[in-house]
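Nothing in this text is a laboratory measurement; each read-out follows from the coordinates by a stated rule. What you see is a predicted model; the values in this text were computed from it and never measured. Cβ: placed from backbone, ideal geometry, glycine included. Neighbour counts: every protein chain shown.
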Amino acid sequence: MNVILFSPHFPPNFMNFAIALHRRGATVLGITDQPPEAMNPALREALADVIRLDDLHRYDQAAAAVAAFRDRFGPIDRLESHNEHWLDSDARLRADFGIPGLKPEDLAPMRRKSRMKEVFSRAGLSVARGRVVHKLEEALAMVAEVGYPVVIKPDQGVGATGTWKIVDRDGMERFFAQKPQVDMFLEEFITGSIVTFDGLADREGKIVFCGSLHYADGMMEMVNDRLDVFLCTQRELPEDLLLAGTKAVGAFGLRERFFHVEFFRTAAEGRLIALEVNVRPPGGLILDMYNYSSDIDLFAEWAEMLTNQAYVPLSYERKYHCTFLGRRDSRSYAHDFNAILQAYGKELVHHERVPTVFSPAMGDTCFLFRSPDLDRIREIAAFVLKPGT
């Protein structure tokens with residue numbers, strides 16, 4: 001089986017996809033902008049061949065690389081990056097080279113927030129009221145319907161990047177005076193917390209793994225206000241979340257893919273409001289968090305699903321809550337690493353510096369802890385994130 005991984009070296013933990021495929025006998029081919037000698041040795045060993053591009057954004061170079069691999073190794077069975085940034089080029093390459101998987105026409109409702117809401121609504125899920133706005137008058141007309149505050153963000157964007165909360169007309173006028181030259185989506189502000197429905201769907205669309213994260217603060221606030229980051233996996237998935245998430249995955253027709261669906265849990269009523277779908281793994285170290293929470297290997301599970309026609313889904317149990325705690329270089333903290341290790345070393349499973357591109361959302365240094373006891377997780381979070389004097 002010939003599998004091309006686009007940008008297999010980033011984020012660093014995603015090299016585990018290449019390693020898992022290689023262990024299962026696949027011919028793993030890498031398209032990268034990194035010199036092979038600069039790669040992690042384990043990744044380089046897993047790749048049968050590597051083509052380095054001057055610029056991964058150059059579609060002509062990417063297409064030439066795929067053609068070269070096809071000429072050397074024969075038909076390409078899969079092409080994947082697992083990365084939001086490359087979804088469109090992945091889809092276009094699949095279409096141009098007849099590779100199975102999502103094509104550009106499939107991606108359309110999965111890339112624009114306005115189209116996502118249409119799919120969610122048809123699936124019977126509640127959504128926040130919103131629409132694409134191009135000028136101030138259109139935005140003010142919507143505010144007349146829903147009131148302030150409102151949230152405005154790129155209709156096609158990643159996470160909370162470029163998202164603003166607007167609380168009055170002055171703020172709206174200031175925004176439109178410097179509006180980015182992209183379609184912007186305006187929606188009512190929902191008071192509540194973000195919960196996710198994450199997982200992996202097999203080639204028939206059946207969910208073979210699912211989990212959920214709870215964010216202590218909204219992602220928009222964490223990014224814009226540079227807050228500490230505290231998110232945690234849930235051991236038990238509420239029935240309404242399991243139902244809503246399953247409906248969402250089915251509505252978007254996801255097959256042989258990871259997914260990351262975001263919902264608001266409203267503060268007043270506890271209702272779920274569908275926010276957006278991402279047809280890739282949850283970002284950063286979240287796959288690792290799910291692995292630690294259940295003592296499984298989702299990188300290997302994906303590779304097994306791709307390479308084994310007699311694939312049997314894994315059996316798993318959510319044994320632990322696993323928390324991600326992100327600290328900012330710009331803030332001081334009461335406890336240093338040695339104090340953290342002494343107090344909670346048994347629960348600490350990983351720590352690292354966060355890649356710069358992820359630091360606005362995830363902090364500059366992160367820690368992963370796990371415990372079956374949620375109160376213990378809260379205790380650890382309070383200790384690690386306690387401000388310094």
Inset, instruction - Work through the residues other than Pro281 whose Cβ is under 12 Å from its Cβ and net out their charges, Lys, Arg +1 and Asp, Glu -1. - result: -3
Inset, instruction - Just need the relative contact order of region 14-70 here, percent rounded to a whole number, with Cα pairs under 8 Å and 6+ apart. - result: 34 percent
Inset, instruction - Could you work out which residue, out of Leu242, Leu368, Leu254, moves most in a Gaussian network model of the chain, that is, has the largest mean-square fluctuation with Cα springs under 10 Å? - result: Leu242
Inset, instruction - Give Lys117/Lys247; Lys103/Lys206; Lys247/Lys319; Lys135/Lys179; Lys153/Lys247 a once-over and call out the pairs whose C-alpha atoms are over 18 Å from each other. - result: Lys103/Lys206; Lys247/Lys319; Lys153/Lys247
Inset, instruction - Select from Leu200, Leu140, Leu298 the residue whose mean-square fluctuation is largest in a Gaussian network model of the chain (Cα-Cα springs shorter than 10 Å). - result: Leu140
Legend entry - Fraction in percent of alpha-carbon pairs per bin - 10 Å, region 116-157: 24, 50, 26, 1
Inset, instruction - State the label only: which of (i) 21.5, 77; (ii) 21.4, 63; (iii) 27.0, 86 corresponds to Rg and Dmax of the Cα atoms in Å computed from the shown model? - result: (ii)
Legend entry - Geometric extent, Cα atoms of region 1-69 - Rg, Dmax (angstrom): 11.1, 31
Legend entry - Ser332-Arg24 pseudo-label distance in nm [points 7 Å out on the Cα-to-Cβ vector]: 5.1 nm
Inset, instruction - Grab the Cα-Cα distance for His351 and Arg115, subtract it from 0.36 nm times how many residues apart they are, and report the gain in nm with one decimal. - result: 81.2 nm
Inset, instruction - Pull up all non-local amide H partners of His350: gap of 5 or more, or a different chain, and H-to-H distance under 5 Å with H placed in the peptide plane. - result: Leu368
Legend entry - In region 301-389, the GluC sites (Glu not before Pro) that fall in loop regions by DSSP, at most 11 other Cβ within 10 Å: Glu317
